[in-house]
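Coordinate-derived values only; no laboratory data. Quantities reported herein were computed from a predicted structural model and do not represent experimental measurements. Backbone-built Cβ (ideal geometry, glycine too); neighbour counts: all protein chains shown.
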Amino acid sequence: MRGSDDMAKWLQLLGHSVEDLNRLNIIHVAGTKGKGSTCAFVASFLKAHRNNTGYPRKVGLYTSPHIYNIRERVCINGEPISRNLFAVRFFEIWDKLPGEATDTLDIPRYLQLLALLSFHVFIQEKVDVAVYETHLGGEFDATNVISAPIVTALTSISMDHVNLLGPTIENIAWHKAGIFKSGCPAFSTLQEPMVATVLQQRAAEQKVSLKFIGLDSGLPTSAVALKPKIQKLNCSLALAVFRAWLSAKIPTERSNIDNDIIRGIEEFSWPGRYQQINDQNYQWFLDEAHTELSLYYAVEWFAERARESQK
């Protein structure tokens, strides 16, 4: 718990509180595979709703890792924050954080520092909703200083980071479910039985309503972003989260969100994740697969797209 305590103390040094984070109307997502894509889908749906209705006016998105530039980790309305804003906000927190560890307060490490930066940016820029991807765990993750998210979600859980979260799949599931918060609805993609059991146990401990989400039958069949099978599942989970967030924040709204969903999928972009680039006579298939399960999905996607291109 020391890391979470330190995050709260560092926030205080920056002039913020945990309660300030709660006013960001946060969506918190953990998992092994697909959490970045799920966050990106949620943010895309929220942005489409903004374009349709005017709310939420500012959509924050915090993800990890970045592909091209560190500023990709902190986005507002689908765009990385500017170089100038990144520099200004970074040194605002750098100048206030401790330079040396003491017996009562450590110094923030890389990911903790970036999480603090994102909190500071989103608070100062007054975002109406912030979508947060955990770094690798959940229970002891730097982002888990968030105490009252609006919705939490878990993507597919498999063996990864066993030196920190393992050694068993049950251990990993326990860590991931650490983002569950009492009174906050939780959603999970379908999991293998051992994982599902752990998630249900942790949800019961926190008195959390946990729902497992399968494939949404209403997804468009021709969308390029949904060609990889796993992205259909990530998108289905994101839709459940999006609907739950709208229900919590705009309970009386009667507008049709079908257009938001279609537009959100059409405008979805997540470079380096199941990305296909057509360059004259060449086709590039890019994915940052880094686990055994990720490699399986990437190979399956590539094989299917290759067969389609030969027809």
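Neighbour counts of C-beta atoms inside 10 Å place R243, R273 in the sequence R243, R273, starting with the fewest. Placing +1 on the Cβ of every Lys and Arg and -1 on the Cβ of every Asp and Glu, with no other charges, gives the chain a dipole of roughly 740 debye about its Cα centre.
Note on R307/Q12: beta-carbon distance plugged into 1/(1 + (r/R0)^6) with R0 of 51 Å gives a FRET efficiency of 0.35.
Charge tally for G36 (other residues, Cβ to Cβ under 15 Å; Lys, Arg +1; Asp, Glu -1): -1.
Selection among W284, L295, G272 by position relative to the dipole of segment 272-311 gives W284 as farthest towards the positive end (Cβ unit charges, Cα centre). Here the dipole of segment 272-311 is about 160 debye; that uses its Cα centre as origin and unit charges on the Cβ of Lys and Arg (positive) and Asp and Glu (negative). Counting charges near Y274 (Lys, Arg +1; Asp, Glu -1) among other residues having Cβ under 15 Å from its Cβ returns a value of +2.
Grouping the Cα pair distances of segment 178-311 into 5 Å bins from zero gives a pair-distance distribution of 2, 8, 15, 17, 18, 15, 12, 7, 4, 2, 1, 0 percent in increasing distance order. In a shell of Cβ-Cβ distance under 13 Å around V151, excluding V151 itself, what net charge do Lys and Arg (+1) and Asp and Glu (-1) give? Result for the neighbourhood of V151: +4. For segment 207-254 versus segment 1-73, the inter-centroid distance based on Cα atoms is 18 Å. Between F187 and T152, A153, L154, K211, the built amide H atoms are under 5 Å apart, and every one of these is 5 or more places off in sequence or on another chain.
A DSSP coil position with no more than 16 other Cβ atoms inside 10 Å describes the following trypsin sites (Lys or Arg not before Pro) in segment 76-123: K96, R109. Cα gyration tensor of segment 2-269, axes a ≥ b ≥ c as square roots of the eigenvalues: rounded (a/c below 1.5), prolate (a/b > b/c) or oblate? In terms of gyration-tensor shape, oblate.
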